[in-house]
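Report on the structure given below.
The values are calculated or read from the model by the stated rules, or taken from the named source; none is laboratory data. Small disclaimer: the values here were computed from a predicted structure and weren't measured. Methodologically, a virtual Cβ is constructed for each residue, glycine included, from the backbone with ideal geometry; neighbour enumeration extends over all protein chains shown. Each accessible area value is taken on the protein alone, full model and side chains, heavy atoms only, with ligands, DNA and RNA left out. Shrake-Rupley method; radii C 1.70, N 1.55, O 1.52, S 1.80 Å.
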Amino acid sequence: MPRITPTLVALLVLALASCGDDDGGPDSQPRGPIETLVFSHTAGFRHASIENAVEFFAGLDESEEIVVTLSEDPTLFNDADLEGFDVVVFANTTGNVLDEAQQEALQRFIRSGKGYVGAHSAADTEHQWPWYGQLVGAYFISHPLLPVEVEVTTEDQEHRSTAHLPANFLFTDEIYNFDRNPRRDHSILLTIDEAGFTFPNIPNTPSMGDDHPIAWFKEFEGGRSFYTNLGHRPVTWEDPAFQQHLLEGIRWAAEPNSFNRIVLTRNPRNPMEIAVAGDGRVFFIERTGELRVWMPSSGQVIDSLVLDVDTTSENGLLGLTLDPDFDRNGRLYLYHSSPISNPPDTGPPGTNILSTFVVRADSTVDPSTRNDVLEVPSERECCHEGGSLAFAPDGTLFLSVGDNTNPFPATGFAPLDERPGRERENSQRTAQNPFDLRGSILRINPDGSIPAGNMFPADGSEGRPEIYTMGNRNPFRIAVDPSTGRLFWGEVGPDALTDGERGPRGYDEINFADAPGNYGWPYCIGPNLAYNQYDFDTEEVGEPYSCEGFTAAALSYDYTTVSELALGDAFDAELGFSGRTAIAGTFYNPPANARAQLPTSFHGKLLMTEWTRDIIASVDIDAAGAVLSTKRLLPWEVFRRPIDLATGPDGALYVLEYGTAFFGNNPDAQLTRIEHSGSGDLSPVARTSASAVAGTAPLTVAFSSAGSRAPGGNITSFEWDLDGDGSVDSREENPSFAFDENGLFTATLTVTGSSGRRSFPSAIDIVVGNTPPTVEIVSPRDEITVDLDAFVELRGRATDDQDSDIPCEQLIWDVRIGHNAHAHPLLTRSGCDTQFRAFLGSHDEQGTLFFAVELSYTDLGGPGGEPSLVGSDSVRINVRR
């Protein structure tokens, strides 16, 4: 194991001088000298190494282009003095060093796009100031009694502050334990192996464990933050490797932010899948049947098509993709659950249909162009319908279909119940049945005909010829490499928390296929771990199933094991238990020289989401199928259950976010856009809010542009079109407007930054002439606990100023089985009074199970034809087991 020496540093710098990335790599250089305030005031323990830090900074050569002001005077923290600096370095500060006014000045400094660098005991500073805790990333709580030699892992060898360091090396310093693991919302640079902790901690607290970061960075509130734990010992400040680590951290912090996340619309309510057209229009679907389009020219979302769908259990409008020649022919594909009118005497009662439609020039769909391509049976009971769509570069179309099996009676293991009458609890009937389309990923030509190269012959003699892969449980979202045609999918696994007599714990998977294959469900899971045969009557456990001939997952992970640092585990010290849901979002292969493309470290890789953990990460899988790396994208951003991803024509990443609540109609569901520029050339961002979005005329609305910003500069103009007529009504920052007539009005804001670049319009709908209904669940009360298998009586009511009499059958109950941090749609009921049975099967008792119940009413609209509005109420019902 090497120790860092000056000679080694010099050789590494020469070797790495030309291998930078546009995301903080060694080639990224700010313009001009970096004005840096090095602040080393202490209000607690004073490190002897402060003098060494001062000597180091005072002796910097002019060629470093870092101009340093050394000070221990907190009165410099005011707007006038801070304005001249690019970066503030907290060098071994301790205690509460700033008063309230000085704290506010530092906040404004960071929010103006400037940088912060913390060295060592900067993390032992301002413990009573929560904002500073967010800025530095974590607070010191203890350290080994004496400095220790530890093995350091350079986790990020692309960042400019660590590109000169070996992959692993030995270093001696005082290593901190922190009050939280910063990995959840920072990019980690260095970690250590605690095997070097040979002394007890002072104070006596537990160490951090296997994942112990000591250096990290993030973009934060418009500025940048970089922290390194190193710097306790005087000799550390004389170490060339540490010096370069810190100076490059300062250079990184001085650069403009390179990422921009833009909320395009908060109109989604039950979003499922997304597709981006060549002209920048973003199509997305709602499970409740709506095809919607975000228009980049206006910021508006239009309803392109509304399909009548069955939303029982996990059914609805499930899949969307655009024809490869969409820009010319306007054709798109939808996978939807047909309402049940005349159920058959035998077999599954429902049908899910793959249909094509043609989009008109105004972005609406002509319903008469519908052409049904393929039908798939559906039990219309819980769970696993799948429905994701993606084209391969050869023009064939993939469709994922879940095993359509109730998993709950299997208590988190494989559903293999072969008893008569329990067919819907036996995944063998679908996922391992070559004559059933379910539990498979299908591959067809766009017209529904069968291409060569599928699993079974085209004549159907050995199985359904549409099947490309089988042995799938819940391949909820798929993606395709547009260059090679490799198919990727996220396989959502069962819920067992630990291994048991019946077989392995539950795993989620990332899989790929270059050719047809059987992926083993429900006999095997993850890295081909076998379930045991099981008699559901006698509860006797038999021999394990054979996994021979099945394809193992490329990547698999359970609830508790951190198999990939980028994905973490399901237990967060701050957020509690989350879960697992692997989603294959998009294979990121942006057009060459695309303006908004992500850093090259994400190119040519699958971008997945961990839906329950709010994570987006790249997965790099080589030609042989080995996972080479995983890497978080923007860990400092708070995503809200990212359910699908898409690559835009300019390289931007579009993120469809489901929202955080257990119910549909989440108010924080949204469509966002992530763009990147190594030079900081990012779009301004317009944000709109309104004091009222519905009411009767005359209606005066106060509009706000709070949250609007121009990365790397200032907003120079505000342009409000308040009544939707296409003309500018106000150039004020926060105008008011009186709506004297009834109707639907779309107010939009466009801002211009000092760079001259204009934002996408931010739109908000104002309904005048109608008010939303008031909906109340009368009983049961929220957080009530009921007995397992008990009948739960539901009673609710709704009132509406425009609707005089509301028929009870117009009140809709949505009942879902809540499991840990997510919920499965279970059933819908209508009426003022109804009931359901609190039946969970005998599900995994280690999970948190409950029922999420929502009551909603959609009014009839205003008297003059103004749009309908929805009111809702919800409760959580816990189950006593």
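Can you list, bin by bin at 10 Å, the percent of alpha carbon pairs in the stretch 213-311, starting at 0?
P(r) over the stretch 213-311, rounded to whole percents: 12, 27, 16, 15, 15, 11, 3, 0.
Gap in Å between the Cα centre of the stretch 99-117 and the Cα centre of the stretch 349-388?
Each part reduced to its Cα centre gives a spacing of 53 Å.
Note down the nm distance, to one decimal, between modelled labels 7 Å out along Cα→Cβ at T484 and at I784.
So the two model labels end up 5.6 nm from each other.
Roughly speaking, to the nearest percent, how much of the chain's 1.4 Å accessible area is carbon and sulfur?
Summing carbon and sulfur atoms, their accessible area is 48 percent of the total for the chain.
Leaving ligands, DNA and RNA out of it, rank S601, S368, S563 by accessible area with a 1.4 Å probe, largest first.
Largest accessible area first, the residues go S368, S563, S601.
For the stretch 580-628, what is the relative contact order in percent, using Cα pairs closer than 8 Å and at least 6 residues apart in sequence?
Reported relative contact order: 36 percent.
Would you work out the relative contact order for the chain, in percent, from Cα pairs under 8 angstrom that are 6 or more residues apart?
Rounded, it is 8 percent for the chain.
Can you return the lysines within cross-link range of K631? Criterion is Cα-Cα under 23 Å, with same-chain partners fewer than 8 residues away left out.
Answer for K631, where 23 Å is the Cα cut-off: K218, K605, listed by chain and number.
Please find the FRET efficiency linking N78 to N589, where r is the Cβ-Cβ separation and R0 is fixed at 45 Å, and quote it to the nearest 0.05.
E between N78 and N589, to the nearest 0.05, is 0.40.
Skipping prolines and chain starts, which residues have an amide H placed within reach, meaning under 5 Å, of the one on E290, given they are 5 or more residues away or on another chain?
Amide H to amide H, under 5 Å and 5 or more residues apart or across chains, E290 pairs with L307.
Stretch F435-S691 to full length: gain in nm at 0.36 nm per residue minus the Cα-Cα span?
86.5 nm
Going by alpha carbons, how many degrees (0 to 90, nearest 10) lie between the helix axis of 6-16 and the longest principal axis of the chain?
Value to nearest ten degrees: 40.
Is the stretch 162-243 best put as rounded, prolate or oblate by its Cα gyration tensor, with a ≥ b ≥ c the root eigenvalues, rounded for a/c under 1.5, and otherwise prolate when a/b is larger than b/c, oblate when not?
The shape class here is oblate.
Excluding T396 itself, what net charge comes from residues whose Cβ is under 12 Å from its Cβ, given Lys and Arg +1 and Asp and Glu -1?
Neighbourhood net charge equals -2.
Out of all DSSP beta bridges in the chain, what portion is antiparallel? Express it as a percent rounded to 5.
So the antiparallel bridges amount to about 85 percent of the total.
List the relative contact order of the stretch 259-387 as a percent without decimals, with contacts defined as Cα pairs under 8 Å and 6+ residues apart.
18 percent
Which aspartates and glutamates have a Cα less than 12 Å from the Cα of K114, not counting those fewer than 8 places away in the same chain?
Within the straight-line cut-off, K114 pairs with E35, E83, D86, E219, E221, E255.
Is the stretch 518-626 rounded, prolate or oblate when judged by the Cα gyration tensor, a ≥ b ≥ c being the square roots of its eigenvalues, rounded requiring a/c under 1.5 and prolate requiring a/b larger than b/c?
Oblate shape, in that a/c is at least 1.5 and b/c is the bigger or equal ratio.
Quick check: the angle from helix 240-254's long axis to the longest principal axis of the chain, C-alpha only, nearest 10 degrees?
In the chain, helix 240-254 runs at an angle near 60 degrees to the longest axis.
Using the Cα centre as the reference, give the magnitude of the dipole from point charges on the C-beta atoms of the chain (Lys, Arg: +1; Asp, Glu: -1; all else neutral), rounded to the nearest 20 debye.
In total the dipole reaches around 560 debye.
Pairing the Cα long axis of helix 100-111 with the longest principal axis of the chain, what angle in degrees results, from 0 to 90 and rounded to the nearest 10?
70 degrees
Extension gain V562-S297, at 0.36 nm per residue separation less the Cα-Cα distance, in nm?
So the chain would gain 91.0 nm between V562 and S297.
Looking at the stretch 705-743, which GluC sites (Glu not before Pro) are DSSP coil and have at most 14 other C-beta atoms within 10 Å of their C-beta?
E732, E741
Using +1 at the Cβ of each Lys and Arg and -1 at the Cβ of each Asp and Glu in the stretch 607-747, identify which of A690, G713, N666 lies farthest towards the dipole's positive end.
Sorting the options by dipole projection puts first N666.
Extending each Cα 7 Å along its Cβ direction at S63 and D668, get the distance between those two points in nm, one decimal.
5.1 nm
Mind ordering 98-105, 565-572, 137-144 by average Cβ neighbours within 10 Å, highest first?
137-144, 565-572, 98-105
Could you compute how much accessible surface H603 exposes when probed at 1.4 Å, giving the result in Å² to the nearest 10?
Probe radius 1.4 Å; accessible area of H603 about 50 Å².
Might you tell me the accessible area per residue for the stretch 564-714, computed with a 1.4 Å probe and given in Å²?
33 Å²
Please report the net charge: other residues with Cβ closer than 12 Å to the Cβ of I643, K and R +1, D and E -1.
Cβ neighbours under 12 Å give a net charge of -2.
Provide the gained length on full extension for the span D833 to A626, in nm with one decimal, where the gain is 0.36 nm per separating residue minus the Cα-Cα distance.
69.0 nm
Rounded if a/c is under 1.5, else prolate if a/b is larger than b/c, else oblate: which is the stretch 729-829, with a ≥ b ≥ c the root eigenvalues of its Cα gyration tensor?
oblate
Quick one: which residues, 5+ away or cross-chain, put their amide H under 5 Å from the amide H of Q835? H built at 1.01 Å from N.
L794
If packing is taken as the average count of other Cβ atoms within 10 Å, what order do 200-212, 328-340 fall into, highest mean first?
328-340, 200-212
Under a point spin-label approximation (7 Å from Cα along Cα-to-Cβ), what is the R360-A48 distance to one decimal in nm?
The answer from the label model is 8.1 nm.
Using the Karplus equation 6.51 cos²θ - 1.76 cosθ + 1.60 (θ = phi - 60°), what ³J(HN,Hα) coupling, rounded to whole Hz, does each residue of the stretch 330-339 give in order, writing x for Gly and Pro?
x, 8, 9, 10, 10, 10, 9, 9, 6, x
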